[in-house]
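Encoded as structure tokens, the structure appears first; notes follow it.
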Amino acid sequence: MEPNGTQNVLIVGVGGQGVILASDILGVVCMNRGYQVKKSEVHGMAKRGGVVYSHVRYGAQVLSPTIEPGTSDVLLAFEPAEALRWSKYVKPGGTIIVNSRKRIPPAACQDRRMDAPTRYPQGIEQALRGQVGDVRQFDAEELAVEIGDHRMCNTVLLGALSSVCEFELQDWLGAIAASVKPKTVERNQKAFLAGRNAQFAAMRDSLPSEKCEMSRSVTCLDAPEIAIHDSWCKGCEICVVVCPQACLKMNERNRAEVVKAEACIRCMLCEWMCPDLAVRVQ
Amino acid sequence: MGAATKTVQLLQGNAACARAALAAGCRFYAGYPISPSSEIAEVMARLLPPAGGKFIQMEDEIASLGAVIGASLAGVKGMTATSGPGFSLMQEHIGYACYAEVPCVIVNVMRGGPSTGLPTLPAQGDVMQARWGTHGDHPAIALCPSTPAEVYELTVLAFNLSERLRTPVILLMDEVVAHMYEKVDMRRLANLPVENRARPTCEPGKHAAFTPGADGVPVMAPFGDGYRYHVTGLAHDDRGYPTQDPKLVAATNRRLQEKTVRNREGLMRYELLDTEDAEVIVFAYGIVAAAARRAVREARKQGIRAGLFRPITLWPFPGEELAAACAGASRVIVAEMNLGQMSGEVQRVIGRSKDVESCLKADGEAISPEEILLAIEGKEVRHV
Amino acid sequence: MFDFREYLRMEMFPHMLCPGCGHGIVLGALLRAIHSLKLTKDEIVVVSGIGCSSRLAGYVDFNTLHTTHGRPLAFATGIKLARPELTVIVITGDGDGLSIGGNHLIHAARRNVGLTCLLLNNQIYGMTGGQFAPTTQIGRVSTTSPKGQYETPFDSCKLAEAAGASFVARGITYEPSALEKLIVAAIENKGFSFLEVASDCPEFFGRFNKLGNPADQILMQKQNVVDVEAAAALPAERLRGKMLTGILHHEPRPEYGAVYAESVA
């Protein structure tokens, strides 16, 4: 049996979101407070949409490095579908903090629950609330973008985590300063504070319906039709830059969008140079 | 083709293997020269073209098995042959063929190891590698002949099992058997049944590439016949697409593992000699079994009730059959040309009620009947 | 009218590659080339190894074979010998095709087996997180060359030509139309065709080397290349540090299968 008072924090996300750095910082905070801390993680297929998780356990004495299902005090999920997948690890009365911004992984592993169809899960919020109760969600990426760098999303989420942990603000800021690159300390601390003070809101379903093939196509009488497959577009901006007629632009969700279809001269560059095969000129 | 039609032939083990492969329908051979297996490649290079087949000498053993798997996916039965160091290199693609379920036959003529070891002296040091050489859990089938005639028979069986179960089959020869010449009566061998993989009968769009049939084996469509599908060495679902869903991964991995369990009857071969009343059972395979046969007969002449258990199928291990044969015996001796690889397996099967005795040799020389007889007599064997 | 979606396994999309990864652009060019050659889906086999580029095989509705690291040419050789009537296209990367698979590459080229090998060169191991590759240029930063690459890179086209490939070309993702034509020419060559495609890895190579966003990087490609025909008229100093693009070598000779059939007849 574990000694009483061991705290369990499970941090989950998908590749490239910064789960490991966030858990590193939490680890430093715990250590500086004189706790024993054990951290166990899986990563590796990071950029390929693979799962990344980190079990953090701290207290006067910690034996096992991993968290048993149903025993985590806090689940910090960088992505809604990941929150759903890991929710069974949260103990009754525990807290789930969710970044409401969805990341659609490759089709092969979209809904990670057993027996689920291979598509992004629906009704995540209800499912989470049904299991735990204390579900807090907000758009961490939005806050990170406001600070000027969407990559700070993990620090924003760490800030949100800090609002349910016992540690002092100075412990966190010090650990951040010790863990990130010197020139990004200030911005990271700002992102952290934004997350710590975040207002948790209802989850926003910011994605278009999955059924829509080739969404938002615009047809003009004499001009070709440019169709952008929204859920395939990864927002690299190449089509926007190479279009000689400025027919396309990036929208607020960082996806390509047709704004001036009538100007299209059918040069095909947007289709041919789209790395995601998400653009079609008909 | 004169030699192939003669009823009685003087046949070498390696040549028997090559001729049997042709008889079993093998029309593709890729290999890399290595002693003591090279004659198989040489015979295949001569015999395949007139039979409408293709031979290619690849740049290494990894590429050899890769090419064989490619040919097999395109619908042509393929084989490669090698020896210890090359067998080590092939492990990567043995694992691939297991996971992607591609029929193929790999012949390993065992020589002394480890590493470059003893080219080209006999040994039986690759028997555990044949079971566990590639990483991860997977089914394994390994057959071990002890005469050239049996090499012929088991090569055909290797192809048949491989086609039936869509899995690689390993033929483990020791150097002595591979290079042994023997008078072989071809009349029986020429008419061995030949099996071919099942092909889909449904419309192309309806074929699920890796959905298993009742025997746990999916029906295989050759590339180019209109059944377009994906093959990968990644964990995959029934369509062949990569997945990390624990349930799907577990289902595939278990199904593969169970191929040899569900179809055990058709692939379990072994030979018993005088085991019914035996108080001493000798467990020996390959060429060592020939020496053990003599030793058992000598022992009987001396009034010792000895018997021989010869596994022909080494993997899956004939555990039940061995346990039954050893039930009435007070002693079990394992004779093998390694430092006790199968002894552990035998001990596991017969339990702790009696300790397995060993007659082991790993010095590049074959075990003699006298040495096994000494072991049967309970005398010290001083060769290791 | 051409619709690339007819050649895709739609259920597998969006694909797994990072934003701005050049490999998807190569895939598009390959599909247009196949369409213009009027090849049917059933007669095409796409064989790949391991790595980001090799994942492309899973997304196209052909006979597809995702093999082991570095070995796709070996598998492809077996397929081509077993069924010569099939069009076998190998997709490999710089790590897959030149490092672990370098030996298979030179021997496939030497034999002049009737395969088309597309080597997608992004100068980095992306799948494993950004280590240097045998094509990483001197000075370029990767996770295993944190102070800049210090080993000399391969010129894969020179390697393939020296090894005996009967067709050698280089394309870039910045020129998708030219790339498509190069792929057509490569498939039309009866023997071993080698086509290197310079492709961007914004996520690792670009980020580590501060090359800007994906669009910046792809625009930058044109500064690094000279068309082989234009190069003939240029003075040497204008070619220093530049890669040549276009068909670099085309010397048809009998394909392996034909040579084999004749030699054993």
**Prompt:** Which residue, B:Lys54, B:Lys206, B:Lys361, tops the fluctuation ranking in a GNM of chain B built on C-alpha contacts under 10 Å?
**Reply:** B:Lys206
**Asked** In the neighborhood of B:Gly133, defined by Cβ-to-Cβ distances under 15 Å, what is the net charge if each Lys or Arg adds +1 and each Asp or Glu adds -1?
**Response** -3
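Tell me the relative contact order for segment A:7-196 as a rounded percent, counting alpha carbon contacts under 8 Å between residues six or more apart. Intermediate values should be presented prior to the final figure.
On the way: 393 pairs, mean separation 38.0, N = 190.
In percent, rounded to a whole number, it is 20.
Given R₀ = 56 Å, FRET efficiency for C:Arg253-B:Val261 by Cβ-Cβ distance, to 0.05?
Values: r = 52 Å, r/R0 = 0.92.
Once the sixth-power term is evaluated, E becomes 0.60.
Taking neighbour Cβ counts within 10 Å as the exposure measure, how do C:Tyr59, C:Tyr7 sort from fewest upward? Please report the intermediate quantities before stating the final value.
Values: C:Tyr59 25, C:Tyr7 21.
Lowest count first: C:Tyr7, C:Tyr59.
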**Request:** Give me the net charge of C:Asp61's neighbourhood, meaning all other residues with Cβ under 14 Å from the Cβ of C:Asp61; Lys, Arg count +1, Asp, Glu -1.
**Result:** 0
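How high is the relative contact order of segment B:204-265? Use alpha-carbon pairs under 8 Å, at least six apart in sequence, and give a whole percent.
Working: 67 pairs, mean separation 18.4, N = 62.
About 30 percent, as a whole number.
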**Asked** Where a ≥ b ≥ c are the square roots of the eigenvalues of the C-alpha gyration tensor, would you call segment B:204-265 rounded, which needs a/c under 1.5, or, failing that, prolate if a/b is larger than b/c, or oblate?
**Response** oblate
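Show me B:258-265, A:80-87, C:198-205, A:54-61 ranked by packing, highest mean number of other Cβ atoms within 10 Å first.
Values: B:258-265: 15.5, A:80-87: 24.0, C:198-205: 26.1, A:54-61: 20.1.
Descending packing order for the listed peptides: C:198-205, A:80-87, A:54-61, B:258-265.
To the nearest 0.05, what FRET efficiency results for A:Thr71 and A:Phe200 with a Förster distance of 25 Å applied to their C-beta separation?
Details: r = 23 Å, r/R0 = 0.94.
Between A:Thr71 and A:Phe200 the formula returns 0.60.
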**Request:** Round to a whole angstrom and tell me the spacing of the C-alpha centers of segment B:121-170 and segment B:1-61.
**Result:** 17
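If I take R0 = 22 Å and measure r between the Cβ atoms of A:Leu63 and A:Val185 in this structure, what FRET efficiency does the formula 1/(1 + (r/R0)^6) give, to the nearest 0.05? Intermediate results must be reported in sequence, preceding the final value.
Working: r = 34 Å, r/R0 = 1.57.
E(calc), rounded to 0.05, equals 0.05.
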**Request:** Show which lysines lie in cross-link reach of A:Lys91 when reach means a straight Cα distance below 26 angstrom and same-chain residues fewer than eight apart are skipped.
**Result:** A:Lys38, A:Lys39, A:Lys102, B:Lys247
**Complete:** Listed residues C:Asp227, C:Asp94, C:Asp216; largest mean-square fluctuation, Gaussian network over chain C with Cα springs below 10 Å, found at C:Asp216
**Prompt:** For B:Cys26, what charge total do you get from the other residues with a beta carbon under 12 Å from its beta carbon, if Lys and Arg give +1 and Asp and Glu give -1?
**Reply:** +3
**Prompt:** For C:23-33, what's the mean count of beta carbons from other chains sitting within 10 Å of each residue's beta carbon?
**Reply:** 3
**Fill in**
Going from the fewest other Cβ atoms within 10 Å to the most, one would list A:Met250, C:Met16 as A:Met250, C:Met16
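Dipole of the protein assembly as shown, Cα-centred, from +1 at each Lys and Arg C-beta and -1 at each Asp and Glu C-beta, to the nearest 20 debye?
320
Going by a ≥ b ≥ c, the root eigenvalues of the Cα gyration tensor, does the protein assembly as shown fall in the rounded group (a/c under 1.5), the prolate group (a/b larger than b/c) or the oblate group? Don't jump to the answer; show the numbers that get you there.
Numbers: a/c = 2.28, a/b = 1.43, b/c = 1.60.
Cα axes put the protein assembly as shown in the oblate bin.
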**Asked** Which ordering of B:Leu157, A:Leu173 is given by a fewest-first count of other beta-carbon atoms within 10 Å?
**Response** A:Leu173, B:Leu157
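Take every residue in peptide B:239-246, count the Cβ atoms of other chains within 10 Å of its Cβ, and give the average of those counts. Spell out each step's value before the answer.
On the way: counts 3, 4, 7, 8, 3, 6, 9, 2.
Mean partner shielding for this stretch: 5.
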**Item:** Label-point separation in nm, B:Arg187 to B:Thr211, each point 7 Å along Cα→Cβ
**Value:** 4.9
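For the protein assembly as shown, what does -39500 (n - 2.57) per DSSP helix run (n ≥ 4), summed and divided by total residues, give at 222 nm, in deg cm²/dmol to the nearest 500? It would help to have the intermediate numbers written out before the result.
Working: 33 runs with 309 residues, N = 931.
Taking each H run of at least 4 residues, the total per residue is -9500 deg cm²/dmol.
Per residue of C:101-108, count partner chain C-beta atoms within 10 Å of its C-beta, then hand back the mean as an integer.
Working: counts 2, 0, 5, 7, 1, 1, 5, 2.
Neighbouring Cβ atoms belonging to other protein chains average 3 per residue here.
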**Request:** Give, rounded to the nearest 20 debye, the magnitude of the charge dipole that segment B:45-184 has about its Cα centre when Lys and Arg contribute +1 at Cβ and Asp and Glu contribute -1 at Cβ.
**Result:** 300
**Message:** Which of the three applies to chain B, rounded, prolate or oblate, going by the alpha-carbon gyration tensor with a ≥ b ≥ c and a/c under 1.5 meaning rounded?
**Reply:** prolate
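A short reminder: the numbers here are calculations on the coordinates, not readings from a lab. Here the structure is a predicted model, which means the values were calculated and not measured. For neighbour counting, all protein chains shown are included, and Cβ atoms are generated from backbone atoms with ideal geometry for every residue, glycine included.
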